[in-house]
Amino acid sequence: MNVWIKRLALILLAVILAGAAICTYIMYSAKNAVPVLNYHQINDRDENALTVHTDQFEAQMKYLADNDYHTITPEDMVDAWENGKELPDKPVIITFDDGYADNYRNAYPILKKYNLQGTIFLISDYVGTYPNYLTWTQAEEMQESGLINFESHTLSHEQLDSTSPEETWNQVDGSKKALEWRLRKEINFLAYPCAPTMKNCSAWSKRPVTKAHLP
Ligand SMILES: [Zn+2]
């Protein structure tokens with residue numbers, strides 16, 4: 001066979017194999033994609049971008065329950081991706097950032113009503129410190145219910161793209177240690193405050209604190 005025909009055949013084969021690999025990857029990614037809902041405050045008082053009214057939140061949770069969605073935790077998601085753990089049909093992760101007191105007053109009773117799990121990302125220095133935020137007693141009660149899982153949203157919500165590498169590490173590791181001490185569980189997930197660009201992340205991102213970074 002002419003050498004150019006052989007080369008052309010090899011190139012075509014490479015293109016076909018690459019195409020098959022890309023298609024497989026896209027199909028695998030779509031199959032394993034898990035939607036993540038992110039909330040902050042749930043109340044009828046604060047009219048701001050972080051607030052969802054209680055009746056709207058209830059309607060959204062009812063929709064999930066009525067349409068056979070199954071709530072999972074970030075840990076379940078990573079277990080599925082890394083270890084092949086089977087996920088339920090229509091998995092969804094419900095998250096709350098900051099740890100507001102209304103998550104206990106308003107969201108938690110609704111999650112209980114529909115038997116839905118949620119994950120609250122706590123600013124560990126704010127817990128039990130400011131009246132608008134959860135107390136440790138409330139956090140413990142919710143954790144003991146088995147419906148609410150806690151993870152980290154740093155020590156004090158510093159914008160991590162403007163802190164020094166040392167302070168960035170302190171925000172991440174200090175929060176992890178404080179939450180693990182208070183809640184007696186492993187903290188493996190971090191929600192970045194204010195969606196920073198993370199230009200400093202190379203200083204600490206290789207350290208084994210986080211299995212996944214949620215937006
Ligand atoms: Zn936040």
Looking at (1) in a helix (DSSP H, G or I); (2) within 16 Å of the ligand (Cβ to nearest atom); (3) modelled with pLDDT under 95, which one does SER202 not meet, given that it meets all the others? (2)
Among (1) over 14 Å from the mean Cα position of the chain (by Cα); (2) within 22 Å of LEU37 (Cβ to Cβ); (3) crowded, with 16+ Cβ neighbours inside 10 Å, there is one condition ASN115 misses while meeting the rest; what is its number? (3)
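The values are calculated or read from the model by the stated rules, or taken from the named source; none is laboratory data. Just so it is clear, the model here is predicted, and its values are computed rather than measured. Heads up, the Cβs are rebuilt from the backbone with ideal geometry, glycines too, and the neighbour counts pull from every protein chain shown.
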